[in-house]
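Engineer: Take a look at the following structure, please.
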Amino acid sequence: MEDKNKKISEQLKALNEKKGPVNKSLLEYHRENTSKQKKVLDALKEGEKTIPEIASLTGLDAREVLVKIAGLVKYGKLEIIPAKTGYLKYKIVEKK
Amino acid sequence: MNGKTEHNCDTLIVGSGIAGMQAALDIGDAGFNVIMVEKSPSIGGKMISLSKVFPTLDCASCITTPKMAASSHHPRVQMMTYTEVKNISKKADGFEALLIKKPRFVIESECISCRKCEEACPVYLEDEFEYGLGVKKAISIPFTNAIPQFPVLDEEKCIRCGACARVCPKDCIDYLQKPEEITVKAKSVIIATGYEITPMDAKKEYGENKLINVISSLQAERLLAPHGPYGKVLRPSDGKIPDSIAYVQCAGSRDESIGVPYCSRVCCMYAIKQAMLLSGSLPLSEITIYYMDIRAFGKGYEQFYNQARAMGINFVKAKVAKISEDSQHNVILRIDRQEEGSKPQEVKHDLVVLSQGLIPSRKEFFGLDVKLNEYGFIDSPAKTFSPALTGIDGLFVAGVASGPKDIPDTIMEAGSAAMEALNYLKTAKIS
Ligand SMILES: Cc1cc2nc3c(=O)[nH]c(=O)nc-3n(C[C@H](O)[C@H](O)[C@H](O)COP(=O)(O)OP(=O)(O)OC[C@H]3O[C@@H](n4cnc5c(N)ncnc54)[C@H](O)[C@@H]3O)c2cc1C
Ligand code: SF4
Ligand code: SF4
């Protein structure tokens, strides 16, 4: 395990030397993205909600909420509650 | 650049859409060796991203996946993915191609496709397989049934946190991997580089790609696909299930002003198909197709069109002069009905799909002196009898690279390109 971690740090160090440090705007974008994702998850802690409900609770734009939701559903953190018209609801996947 | 490698084959196929795969299988089955090169991380081309296909409404992925598996497992077909053909030159004894294999930053021979790296990666990005609608990670396997199932690390978006490498059970993340130069010597070549759709901003009057609820026809395919980006057809501005959806026909074809004066042959049919699928998945929604004339030219296509009419899809003969939006991002179409005495009218829809045309995927073909028609598609000197010929001995063309066509015609032409290549391999004096 120690060997593995050492090899990874060496590779990342060599990469940083070759390409320079990670772009600041990329890190900023990632931080913002993570914080918005957390806001969406926090909004859903109190129970299932639609996108407009999450948007008004978090202050995020509805289109951004949809993108965050798409990622959270794809990677197994949220599930969809079906609907025929209007808006779908989303809820946090219970950990088994 | 990493070391150079050299390969030999009977036929080099550029592109692994349905045209490339079909030609590869036919030539491989006849006992000749094929190298099939694909610039994307997976084979399958556009067809693997479609929802269902007209006019049978077969699931596109269910019929493409077996072809992908067959060509990837074929003993005489070698596939090279995430590899781009840069240049092809004609030599006395065949062709020589220069290829660049892009780094995935994953040691392919070790990877067991467990997806642990993808799960661990904290960086979420727009997913190009979903044409920008869905989300992927900075390291991800391109899509569920991609072949091969290797992840690709996006070096421009990676924040170098090391998480993927730490969880990889096979230690196969290689952050320092370099591109590889490959030379292929081939006796014959088939170009199957396919198409792109006319850009969303081609027509200024249609919102210049700034209207969030005006989407492309390929995005609509993904919304309708079983494993689409949102799990249901939702409009991008707020995730609403759209109550009213419109199609704008000839949104990137039959228009001199954008340099695409020809009919793209498939847009009427794919719009009708998508409308039928929408009326199945959103039975309470109203679906309208604004068209000038419907071109249902193939076998069973007229019946398909009539079936759509019978299902209650509105066909409105009107020219869409302008597309804009209101403050809620509802889409406003300014239409001129093709009826005597009718005045321009504004209509609102929740979601609008542009039925874009097909244009060549490349402006030039690898430095080869191949003749193109006035629209940039490869021109055959014998269109009527031998559409796969290019005018260069040993060089053939298949699929949309030679002009817009549907899947059945693409498959037939790929078979024809394979036959021409086999004939050439058997009769030409090449060592
Ligand atoms: C929205 C939409 C819906 C459609 N629905 C239907 C339908 O229902 N039924 C139907 O019959 N038809 C349909 N079509 C048409 C259908 O998509 C085409 O007929 C078919 O996919 C053409 O296949 P192809 O192999 O020629 O091209 P493509 O699928 O475009 O494949 C070309 C491949 O070449 C690769 N390539 C390009 N350049 C290089 C390079 N330099 N090096 C290596 N690789 C390269 C590309 O990455 C791609 O994988 C639809 C089209 C659209 C736009
Ligand atoms: S974790 Fe390693 S073995 Fe698993 S898919 Fe990623 S690169 Fe391959
Ligand atoms: S090193 Fe890059 S690709 Fe790997 S987990 Fe971190 S951000 Fe994702």
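The values are calculated or read from the model by the stated rules, or taken from the named source; none is laboratory data. Keep in mind that what you see is a predicted model, and the values were worked out from it rather than measured. Quick reminder, even Gly has a Cβ in these numbers, built from the backbone with ideal geometry, and neighbours come from all protein chains shown. To get the accessible areas, we keep the full protein, side chains included, count just its heavy atoms, and leave off ligands, DNA and RNA. Shrake-Rupley method; radii C 1.70, N 1.55, O 1.52, S 1.80 Å.
Engineer: Using a 10 Å cut-off around each Cβ of peptide B:260-273, what is the average number of partner chain Cβ atoms that fall inside?
Structural biologist: Mean inter-chain Cβ contacts per residue within 10 Å come to 0.
Engineer: Which value, in debye to the nearest 20, describes the size of the charge dipole of chain B about its Cα centre when Lys and Arg Cβ atoms bear +1, Asp and Glu Cβ atoms bear -1, and nothing else is charged?
Structural biologist: For chain B, the charge dipole is close to 220 debye.
Engineer: Separate question: Quick one: which residues, 5+ away or cross-chain, put their amide H under 5 Å from the amide H of B:GLU155? H built at 1.01 Å from N.
Structural biologist: none
Engineer: Next question. Okay, helix-only estimate at 222 nm for the protein assembly as shown: each DSSP H run of n ≥ 4 adds -39500 (n - 2.57), divide by all residues, round to 500 deg cm²/dmol; what do you get?
Structural biologist: -9000 deg cm²/dmol
Engineer: Oh, and also: Which ³J(HN,Hα) values, rounded to whole Hz and listed in residue order, are derived for segment B:209-220 from phi using the Karplus coefficients 6.51, -1.76 and 1.60 in 6.51 cos²θ - 1.76 cosθ + 1.60 with θ = phi - 60°, glycine and proline given as x?
Structural biologist: With the stated coefficients, segment B:209-220 comes to 6, 9, 9, 5, 9, 9, 10, 7, 5, 6, 5, 4 Hz.
Engineer: Any chance you could list P(r) for segment B:198-357, counting all Cα-Cα pairs in 5 angstrom bins from zero, rounded to whole %?
Structural biologist: Pair shares across the bins are 2, 9, 19, 23, 22, 16, 7, 2, 0, 0.
Engineer: Also, I was wondering about something else. Given contacts defined as C-alpha pairs under 8 Å and at least six residues apart, what's the relative contact order of segment A:2-92, whole-number percent?
Structural biologist: Result for segment A:2-92 is 24 percent.
Engineer: Something else: Please list B:VAL167, B:VAL77 from largest to smallest accessible area, probe radius 1.4 Å, with all protein chains kept in place. List each step's numbers first, then the result.
Structural biologist: On the way: B:VAL167 60, B:VAL77 10 Å².
Descending order: B:VAL167, B:VAL77.
Engineer: Taking loop as defined by DSSP and a crowding limit of 11 other beta carbons within 10 Å, which GluC sites (Glu not before Pro) in segment A:11-83 fit?
Structural biologist: Those that pass, being in a loop and sparsely packed, are A:GLU46.
Engineer: Next question, about the same structure. Provide Rg over Rh for segment B:270-407; use the alpha carbon set for both Rg and the Kirkwood Rh (inverse mean inverse pair distance).
Structural biologist: Reported Rg/Rh, Kirkwood definition of Rh: 1.09.
Engineer: Kirkwood Rh, chain A, all Cα pairs: how many Å?
Structural biologist: About 15.8 Å for chain A.
Engineer: What is the packing order of peptides B:66-72, A:66-72, B:177-183, taking the mean over residues of other C-beta atoms within 10 Å and listing the highest first?
Structural biologist: So the peptides B:66-72, A:66-72, B:177-183, ranked by packing, come out A:66-72, B:66-72, B:177-183.
Engineer: Using the per-residue mean of other Cβ atoms lying within 10 Å as a proxy for protection, in what order, highest first, do the peptides B:14-22, B:81-89, B:244-252, B:367-375 fall?
Structural biologist: On the way: B:14-22: 29.1, B:81-89: 18.6, B:244-252: 25.2, B:367-375: 13.4.
Top to bottom by mean Cβ count within 10 Å: B:14-22, B:244-252, B:81-89, B:367-375.
Engineer: A further question follows. Averaged over peptide B:114-124, how many Cβ atoms belonging to another chain are found within 10 Å of each residue's Cβ?
Structural biologist: 2
Engineer: Take the cross-link list A:LYS68/B:LYS204; B:LYS322/B:LYS343; B:LYS157/B:LYS203; A:LYS45/B:LYS157; A:LYS36/B:LYS137 and give me the ones stretching past 24 Å between alpha-carbons.
Structural biologist: The pairs that break the limit, which is 24 Å between Cα atoms, are A:LYS68/B:LYS204; B:LYS157/B:LYS203; A:LYS45/B:LYS157.
Engineer: Could you pull out every residue, at least 5 positions away or on a different chain, whose amide H is within less than 5 Å of the one on B:VAL260? Hs are placed 1.01 Å off N in the peptide plane, and Pro or chain starts have none.
Structural biologist: Result for B:VAL260 returns B:ASP255.
Engineer: Other chains' Cβ within 10 Å of B:228-235 residues: what's the mean?
Structural biologist: Working: counts 1, 6, 8, 9, 5, 0, 6, 2.
For this peptide, the per-residue mean of nearby foreign Cβ atoms is 5.
Engineer: How many percent of the alpha carbon pairs in segment B:103-177 exceed a separation of 16 Å?
Structural biologist: Above the 16 Å cut-off, segment B:103-177 has 43 percent of its Cα pairs.
Engineer: Take every Cα pair under 8 Å in segment B:103-177 that's 6+ residues apart, average their separations, divide by the length, and report that relative contact order as a whole percent. Each step should come with its number before you reach the end.
Structural biologist: Values: 115 pairs, mean separation 31.9, N = 75.
For segment B:103-177, the relative contact order is 43 percent.
Engineer: Relative contact order of segment B:1-81: what whole-number percent is it, with Cα pairs under 8 angstrom and at least 6 residues apart? Provide the component values of the computation, followed by the final result.
Structural biologist: Details: 124 pairs, mean separation 27.1, N = 81.
Once normalised by length, the contact order is 33 percent.
Engineer: Please pull out the direction-averaged projected area of the protein assembly as shown, using the convex hull of its alpha-carbon atoms, in nm² to one decimal place.
Structural biologist: Over every viewing direction, the Cα hull of the protein assembly as shown projects on average to 27.1 nm².
Engineer: Okay, next question. Taking H placed 1.01 Å from N in the peptide plane, check which residues at least 5 places from B:GLY207 or on another chain put their amide H under 5 Å from its amide H.
Structural biologist: B:ILE323
Engineer: If you put +1 on each Lys and Arg Cβ and -1 on each Asp and Glu Cβ, how big is the dipole of the protein assembly as shown around its Cα centre, in Debye rounded to 20?
Structural biologist: 880 debye
Engineer: Turning to a different aspect of this structure: Can you compute 3J(HN,Hα) from phi for each residue in segment B:292-297, using the Karplus curve 6.51 cos²θ - 1.76 cosθ + 1.60 with θ = phi - 60°, rounded to whole Hz and x for Gly and Pro?
Structural biologist: 3J(HN,Hα) across segment B:292-297, in whole Hz: 9, 8, 9, 10, 10, 8.
Engineer: Sticking with this structure for a sec: Based on the alpha-carbon gyration tensor of chain B and its eigenvalue square roots a ≥ b ≥ c, which shape applies: rounded if a/c is under 1.5, prolate if not and a/b is larger than b/c, or oblate? Write down the numbers at each step before the final one.
Structural biologist: Numbers: a/c = 2.08, a/b = 1.31, b/c = 1.58.
Oblate shape, in that a/c is at least 1.5 and b/c is the bigger or equal ratio.
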